[in-house]
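These notes are about the structure you will find just below.
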Amino acid sequence: MTYGPGQGPGPLPLSDGELAALLAGHRMGALAANKRDGHPHLSTVAYHWDPAERVARISTTDDRAKVRRLRRDPRAALYVSSADHLAFAVAEGRAELSAVSEVPGDAAGRELLGLEPPFEDAGAEKAFLEQMVLDRRLLIRLRVSRLYGTRLDVP
């Protein structure tokens with residue numbers, strides 16, 4: 001079967017489970033925040049999806065435009081596409097910003113550490129926590145209130 005405009009089946013909605021699986025199966029997406037003029041501001045981000053809490057966690061630095069925008073307006077959305085771009089998921093919700101990590105091992109640093117695979121030695125973990133302070137890192141928690149998306153069944 002050939003697929004093109006006006007040919008083939010239309011998009012099919014994804015179930016909640018399929019949407020969660022698509023989010024869990026990827027680490028990169030586009031975060032949309034609102035600019036003052038109402039236009040979306042999109043940023044490519046690495047994220048970690050927690051299906052039990054329905055939260056996407058994103059590590060970022062305090063000086064980013066997305067952080068300024070989310071402080072002003074916490075409404076946001078995360079867009080994730082399948083590798084073949086025939087399916088997508090959008091996770092909409094309100095963003096919460098953690099405090100900036102200011103002391104190695106503080107609450108923000110520990111939460112950021114939770115996004116990483118375990119370190120093999122304490123020295124590497126200590127270096128990571130020190131780097132979070134130097135970077136002025138914080139965590140965006142996108143608390144998802146709505147998931148939606150579709151897929152195309154193309155042979």
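The values are calculated or read from the model by the stated rules, or taken from the named source; none is laboratory data. It should be emphasised that the depicted structure is a prediction, and the values quoted were computed from it without experimental measurement. No Cβ is skipped: glycine too gets one built from the backbone with ideal geometry, and neighbour counts run over all protein chains shown. In case anyone asks, the SASA skips ligands and DNA or RNA and just uses the protein heavy atoms, side chains included. Shrake-Rupley method; radii C 1.70, N 1.55, O 1.52, S 1.80 Å.
Please find, within segment 62-112, the residue that is least open to solvent (accessible area, probe 1.4 Å) out of those that are part of a loop (DSSP other than H, G, I, E, B) and within 20 Å of Leu19 (Cα to Cα). Step through it out loud before you land on a result.
Narrowing segment 62-112 to residues part of a loop (DSSP other than H, G, I, E, B): 62-64, 73-74, 82-86, 98-106.
Going one step further and asking which of them are within 20 Å of Leu19 (Cα to Cα), we end up with 82-86.
Working: Ser82: 18, Ala83: 92, Asp84: 95, His85: 139, Leu86: 57 Å².
Ranking the qualifying residues of segment 62-112, first place goes to Ser82.
Can Leu134 be described as assigned to a helix (DSSP H, G or I) and surrounded by 13 or more Cβ atoms within 10 Å (Cβ to Cβ)? Even if it seems obvious, please write down each step before you answer.
Numbers: assigned to a helix (DSSP H, G or I): yes; surrounded by 13 or more Cβ atoms within 10 Å (Cβ to Cβ): no.
No: the conditions fail for Leu134.
The condition of being under 23 Å from Asp153 (Cβ atoms) and in contact with a Phe, Trp or Tyr (Cβ under 7 Å, 6 or more places away or on another chain) holds for only one of Gly25, Gly29, Gly17, that being Gly29.
Determine whether segment 98-110 contains at least one residue that is free of Cβ contacts under 8 Å to residues at least 24 places away in the same chain and either small (Gly, Ala, Ser) or touching a His at 6+ places or on another chain (Cβ under 7 Å) (or both). Yes - at least one qualifying residue is present in segment 98-110. In this entry, Gly17 passes the filter for residues that are small (Gly, Ala, Ser), free of Cβ contacts under 8 Å to residues at least 24 places away in the same chain, open to solvent by less than 60 Å² (accessible area, probe 1.4 Å) and part of a helix (DSSP H, G or I). For the criterion of being open to solvent by 30 Å² or more (accessible area, probe 1.4 Å), without any contact (Cβ under 8 Å) to a residue 12 or more places away in the chain and farther than 27 Å from Ala20 by Cα, Ala127 passes.
All of (1) open to solvent by less than 70 Å² (accessible area, probe 1.4 Å); (2) in a helix (DSSP H, G or I) hold for Leu115 with one exception: (2).
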